[in-house]
1. Ignoring everything except DSSP H segments at least 4 long, calculate the 222 nm mean residue ellipticity for the chain; use -39,500 (n - 2.57) per segment, divide by total residues, nearest 500.
2. What residues have an amide H closer than 5 Å to that of S101, excluding those fewer than 5 places away on the same chain, when H is modeled at 1.01 Å from N in the peptide plane?
3. Short version: ³J(HN,Hα) in whole Hz for each residue of region 172-188, in order, from phi by Karplus 6.51 cos²θ - 1.76 cosθ + 1.60 (θ = phi - 60°), x for Gly and Pro, what are they?
4. If R₀ is 22 angstrom, what is the calculated FRET efficiency for the pair K134 and Q40, using the beta carbon separation as r and rounding to 0.05?
5. Could you please rank E168, E141, E72, placing first whichever residue has the fewest other Cβ atoms within 10 Å of its Cβ?
6. Assuming R0 = 41 Å, what is the FRET efficiency of E93 and K161, from their Cβ-Cβ distance, to the nearest 0.05?
7. If you place +1 on the Cβ of every Lys and Arg and -1 on the Cβ of every Asp and Glu, how big does the dipole about the Cα centre of region 39-123 come out, in debye to the nearest 20?
8. Taking the Cβ of D58 as the centre, find all other residues whose Cβ is under 13 Å away and add up their charges (Lys, Arg: +1; Asp, Glu: -1).
Amino acid sequence: MHSPTWQPAGLGRRQPGLGDSLRDVAAESSFDIVSKINHQEVDNALNQTVKEVGTRFDFRGVGASIAWSGKEAVEIKANSVERANAVLDVFKEKLIKRQVSLKVLDADEPKLSGKEYRLHVGLKEGISQDDARKISKIIREEGPKGVRAQVQGDELRVSSKKKDELQEVQALLKGKDLDIALQFVNYR
C-alpha cells in the first residue's frame with residue numbers, strides 16, 4: 001500500500017483570499033511629506049548673523065542684535081525699522097547659504113518697544129491641517145489617479161503601486177508655490 005507523502009499545510013496549494021492583502025501592501029510604495037526645520041543649520045545661520053552684525057560698520061551704534069527667543073522664534077532688536085529689517089535680510093542671506101528655505105520664517109512687523117524696535121521672527125514647522133488638506137486636494141485633482149494621500153498628524157503619507165507615480169507627485173508639489181517648506185522622506 002502506498003502512503004501519501006507528508007506536506008505542510010498550504011504549500012503547493014493556493015487558497016484564494018489568504019495572503020492577498022499582504023501581497024498588495026508589500027507591492028505598494030510610499031513616501032512622507034513633512035515640513036521640518038534643521039535647527040542646527042538655523043542656529044549656525046543665527047550665529048553667523050550675530051558675527052556679521054557685530055563687525056559691519058553700518059550696524060555700529062544702532063543697537064542691532066539678533067538672538068533666540070525660545071526654541072521656535074528669533075528676536076531682532078535695533079534702534080530703527082530699517083536697521084531691524086537689515087538684520088533680518090542678513091539672517092535670510094545666511095539661511096539661504098545654509099540651504100534652509102525662507103518659507104520657515106514667519107516675520108512680524110517691527111514694533112517700537114521703549115527706545116528700540118523689536119522684530120519677532122517665528123519658525124514654522126509641521127504641516128497644518130489646512131495645508132495638509134490643500135496638498136492632498138492638489139494630489140487628488142492634478143496627480144496620477146492611482147495615488148492616495150493620507151494625513152498623519154503633522155505629515156502626509158502618499159502611497160501608490162507605481163514608484164513612477166510617486167515621483168510625478170513629488171515633481172508636481174515642487175512646481176507648486178506653497179507657503180510652507182516641504183521635504184520628502186521615508187521613500188519606500
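1. Details: 5 runs with 69 residues, N = 188.
My calculation for the chain gives -12000 deg cm²/dmol from helical runs alone.
2. none
3. Going residue by residue, I get 4, 6, 5, x, 7, 9, 8, 8, 10, 7, 10, 10, 10, 10, 6, 6, 10 Hz, with x marking Gly and Pro.
4. Details: r = 29 Å, r/R0 = 1.33.
Result of the calculation: an efficiency of 0.15.
5. Numbers: E168 17, E141 7, E72 13.
Result, fewest neighbours first: E141, E72, E168.
6. On the way: r = 44 Å, r/R0 = 1.07.
So, using R0 = 41 Å, E works out to roughly 0.40.
7. Numbers: 14 positive and 13 negative charges, 41 e Å.
My answer is approximately 200 debye.
8. On the way: positive: R56, R60, R83; negative: E52, E82, D89.
Spelling it out: positives minus negatives among the neighbours equals 0.
None of the figures in this text is laboratory data; all of them are computed from the coordinates on show. Note that the coordinates shown come from a computational prediction; the quantities given were computed from them, not determined experimentally. Using ideal geometry, Cβ is built from the backbone for each residue, glycine included, and neighbour counts are taken over all protein chains shown.
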